[in-house]
1. May I ask you to evaluate 6.51 cos²θ - 1.76 cosθ + 1.60, the Karplus curve with θ = phi - 60°, for each residue of the range 30-35 and list the ³J(HN,Hα) values in order in whole Hz, giving x for glycine and proline?
2. Can you list the HN-Hα couplings for the range 123-131, worked out from phi with the Karplus curve (6.51, -1.76, 1.60; θ = phi - 60°), rounded to whole Hz and with x for Gly and Pro?
3. With charges set only on the Cβ (+1 for Lys and Arg, -1 for Asp and Glu), what does the dipole of the chain come to about its Cα centre, in debye to the nearest 20?
4. What whole-number distance in Å separates the alpha-carbon centres of the range 332-361 and the range 129-167?
5. Non-local amide H neighbours of Lys92 (under 5 Å, H modeled in plane, Pro and chain starts lacking H): which ones?
6. Using amide H atoms built in the peptide plane, which far-off residues or other-chain residues are under 5 Å from Asn298 H to H?
7. Which of Glu167, Glu54, Glu17 ends up with the largest GNM mean-square fluctuation for the chain, with Cα atoms connected below 10 Å?
8. Given the options Pro241, Val36, Pro199, identify the residue whose Cα lies farthest towards the positive end of the charge dipole of the chain (+1 on Cβ of Lys, Arg; -1 on Cβ of Asp, Glu).
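The values are calculated or read from the model by the stated rules, or taken from the named source; none is laboratory data. Nothing here was measured: the structure is a model prediction, and the numbers come from that model. Using ideal geometry, Cβ is built from the backbone for each residue, glycine included, and neighbour counts are taken over all protein chains shown. Areas reflect the complete protein model, heavy atoms only, side chains present, ligands, DNA and RNA absent. Shrake-Rupley method; radii C 1.70, N 1.55, O 1.52, S 1.80 Å.
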Amino acid sequence: MSRVYNFSAGPASLPEEVLREAQEEMLEYKDTGMSVMEMSHRSKAYDAIIKEAEQDLRDLMNIPDNYKVVFLQGGDSLLFAGVPMNLMKNGKACYIITGQWAKKAYQEAQKYGEAIAVASSADKTFSYIPDCSDLDIPDDADYVYICENNTIYGTKFKTLPNTKGKELVADLSSCFLSEPVDVTKYGVIHGGVQKNIGPSGVQILIVREDLIADGPAKPYTPTMMDWKVQADNDSLYNTPPCYGIYICGKVFKWIKKMGGLEAMKAYNEKKASVLYNFLDNSKFFKGTVTPEDRSLMNVPFVTGSEELDKKFIAEATKAGFVNLKGHRTVGGMRASIYNAVPIEGVEKLVEFMKKFEEENA
Ligand SMILES: *Cc1c(COP(=O)(O)O)cnc(C)c1O
């Protein structure tokens with residue numbers, strides 16, 4: 001067996017330990033005589049799996065009791081519609097456009113009400129986080145929306161925007177569980193799990209109870225996208241993505257074992273600094289993001305020559321460092337170094353980059 005160093009932006013690396021455990025339980029989960037894939041979502045065994053997953057997530061993120069935790073499906077992109085449908089009671093919301101995922105959410109929201117772009121970093125190809133300390137937020141806005149970590153461009157909000165008392169709604173897909181989060185600062189947190197937590201097909205929604213108490217803002221909201229229905233049914237309104245949630249549960253336990261989110265943050269900072277320190281000192285490779293807004297998870301970089309970028313990606317792939325190609329819309333390279341990417345992988349990648357620089361500079 002030869003597992004590569006996988007720098008994919010998503011679906012992405014999972015802890016090897018988790019995969020091995022799942023392998024061991026593939027044919028027979030505990031004493032059930034069947035795989036988790038084969039069991040009823042209403043069975044006692046599965047009930048324990050999903051309840052434990054929720055509890056472990058609550059422990060890890062310190063989620064207060066007045067927040068609901070729901071496992072959804074349909075892609076995190078479906079939540080771009082789910083957010084306005086559930087929350088746009090006054091029909092007005094503010095969006096901070098820091099990249100493609102925020103833009104997509106903003107465009108989707110326009111179908112359901114008035115979505116206002118209150119800040120943007122499009123002028124410099126999303127290479128920084130705009131100043132959000134004094135935004136022009138209307139009094140009747142239902143919420144302020146951000147994408148907290150920009151998977152494609154590699155920026156991250158280091159301080160949350162001043163929402164002037166409006167609910168903060170955040171897409172945490174690519175930084176979920178990478179560091180501690182003060183849940184009480186948010187009305188809604190959502191994210192797909194395929195970046196940092198599990199296999200694609202599962203989204204996690206964390207929503208403060210009072211925001212969904214009266215049901216969705218829009219009466220035409222499909223039942224499956226009605227957060228109150230989903231929460232009232234403990235994520236079991238219909239068949240959930242059972243196997244995916246089971247893997248997420250294992251990853252939650254793995255993070256607990258690693259020491260929780262404080263430890264995860266320290267590890268991720270150490271890991272990212274190996275790569276950023278190299279990029280800062282290289283005359284050949286360079287990072288593309290304003291240093292103070294850099295993401296710990298997604299690190300884009302370029303050589304300055306498309307031809308050399310291509311050569312680098314090809315040679316890196318051959319050497320066992322895969323999925324380093326930048327997003328199809330931006331080019332260059334991107335190393336996604338989520339929780340499960342080991343620090344040895346980043347150190348070896350940097351060694352490889354040094355060698356490539358010597359040979360090609
Ligand atoms: C990947 C990603 C999404 C989209 O997720 P899908 O499950 O493919 O719809 C949304 N937001 C962010 C920040 C992402 O990284």
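1. 6, 9, 7, x, 8, 6
2. Computed from phi, the couplings for the range 123-131 are 4, 10, 6, 6, 8, 8, 9, x, 5 Hz.
3. Working: 42 positive and 50 negative charges, 132 e Å.
That gives the chain a dipole magnitude of about 640 debye.
4. What the calculation gives is 32 Å, centre to centre.
5. So Lys92 has HN proximity to Glu114, Asp142.
6. Those qualifying (amide H under 5 Å, at least 5 residues apart or on another chain) are Ile337.
7. Glu17
8. Pro199
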